[in-house]
1. Would you please list the contacts, defined by Cβ atoms under 8 Å and residues six or more apart or on different chains, that run from a residue in the stretch 316-340 that is in a helix (DSSP H, G or I) to a residue that is among the β-branched types (Val, Ile, Thr) and modelled with pLDDT of 90 or more?
2. In the stretch 378-398, how many are charged (D, E, K, R) and crowded, with 18+ Cβ neighbours inside 10 Å?
3. With respect to residue 244, is the statement that it is part of a helix (DSSP H, G or I), basic (Lys, Arg) and modelled with pLDDT of 85 or more true?
4. The conditions are (1) part of a loop (DSSP other than H, G, I, E, B); (2) surrounded by 15 or more Cβ atoms within 10 Å (Cβ to Cβ), and residue 419 fails exactly one of them. Which is it?
5. Evaluate the stretch 38-54: report whether one residue or more is exposed (fewer than 14 other Cβ atoms within 10 Å of the Cβ), modelled with pLDDT under 50 and of a type in the set (S, T, N, Q).
6. Taking the residues in the stretch 284-304 that are at pLDDT 80 or above and farther than 19 Å from residue 209 by Cβ as candidates, determine which candidate is surrounded by the most Cβ atoms within 10 Å (Cβ to Cβ).
7. Quick one: in the stretch 223-248, of everything that is more than 58 Å from the chain's Cα centre (by Cα) and closer than 26 Å to residue 168 by Cβ, which residue is surrounded by the fewest Cβ atoms within 10 Å (Cβ to Cβ)?
8. Determine which single condition residue 405 fails, assuming it passes every other condition in (1) in the same structural domain as residue 70 (by TED's automatic domain parsing); (2) aromatic (Phe, Trp, Tyr); (3) surrounded by 13 or more Cβ atoms within 10 Å (Cβ to Cβ).
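The values are calculated or read from the model by the stated rules, or taken from the named source; none is laboratory data. Worth saying up front: this structure is predicted, and the values here are computed from it rather than measured. Note that each Cβ is placed from the backbone with ideal geometry, even for glycine, and that neighbours are counted across all protein chains shown.
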Amino acid sequence: MTDLTTNFDKIKDLFTGNSSENNTLENTNEVNIETPNVFSNDVLRVNLKDYSIKQSMAHKGDSKALLNLFNEIRCGHLIDESADFEYQEKHRYALDDQIIDLEKTSEELLGEQKKVSEVSIPNLKKMILDLEDAIHQWRLKEKQPHKSDAMNRFTLWKYGIMLGLGLIYILAFYISCVYMGMVRNPMEEAQLLNQSGGSANSLFGAIFSRRAFGVLDFHWVSPILILMFAFVLDYLIHELKGHKRIASIVVLICITFILDGFIAYKIENTNFEMKKLMGIDDVSHRWYASSDFYIVLIMGFVATLIWSVLLIAFKQELGKTDFSKVVALEVEFLQKKISDIKNQMEVLELELVDTSTKIKKIALEIKKLRDRKRDLKISIPELERYITKFYDGWMQVVAIMPQNYEIKQTCEKMNEEFRDTYISDNRLLLDTNQGELETGSRGGQFYVNEYGKKIYFPNT
């Protein structure tokens, strides 16, 4: 240490011009310098602070020489006298553990990737094909003849149109008939016929009258009684069973027949009185022999029966399954399932891309760790400590050199580049991007990386 101090004082006096010896830098050759061979496998163990001062004086603070010596430290050819070889072995084992953990994680991710690409996605594609085939089958069923319990839209519309026309006929017929048989005045009707020159013998003149629709009287509600027949008949057919149903239907038909007969009789009787007032017929009244009576009876009773049957048929058809709606609902449901499955496939494909990215990233990390294990003879923390120690000693000499600004700048730049390349980048691999270091129970430190693995490092 005394020799080092003497040499340092000599080089300081030399740079400041106070030396009594020759004012040339060749005098620095008196400093005992030992420079290791960068390609040698030998290890030089020194006090890095003192050694860096000697080397800085020998090389006049040259930045290229500084870089070469940094690489000597990095390759393990130049180490500090305080180096702990046991720690170096621990560090090597820590790197091996990291590589093994990353390889296991890579294998797990490869297994997941294979499962998704070879099992999950093909299964989802098969499900889509099955669902599309099911949609096709429903489309075929829609075009095929339907079962008896399936709604026929043509039949439904046919019954509906006939039911509507029949309703118009029944309303018009019974409003007019009830008016002609029970509401009109025979004397007034005879006078109007005489004035207009009409005939009471024509069928429509005897049964139908436009004046029935211009008079507000109870004959307007008479069709309600006839319409009730259809609804009661529907109730009896569907609610009653056996002989009770048959007897009830027969009684209902008889009541309707009698009601229609009474209306026909009233029309025939009113027509007979009107003819007597007009002097057309003076023969005694025989209603049962009149064609008008039977025509009114048939036109009313038969129309009521037919309309009742149409109502029941329309109701039954309406109650059947609308196969077109069923197909539409089934197809909509199956298409929704297909859409959901496609969304699942998109998620799995994104996961595949993400997994592939992770596998590539792990491969790069493994390569970096293996390169570190091959190239670095000391740990990153220890390398940083050695470089700092060596650089401080080197810059002490540079600081007292005359016109040292340019040398200082190049040395600082070289130091930053070396740290960025060999220290900062490797630290990013260890902890900066992957988790905070924590104290572990095994001694040293650990972090939990992005794959959920604990990576341990021994204490420095």
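1. 338/128
2. So the count comes out to 3.
3. In short, yes.
4. If we test residue 419 against (1) part of a loop (DSSP other than H, G, I, E, B); (2) surrounded by 15 or more Cβ atoms within 10 Å (Cβ to Cβ), just (1) comes out false.
5. yes
6. 304
7. Residue satisfying both the conditions and the ranking: 225.
8. (3)
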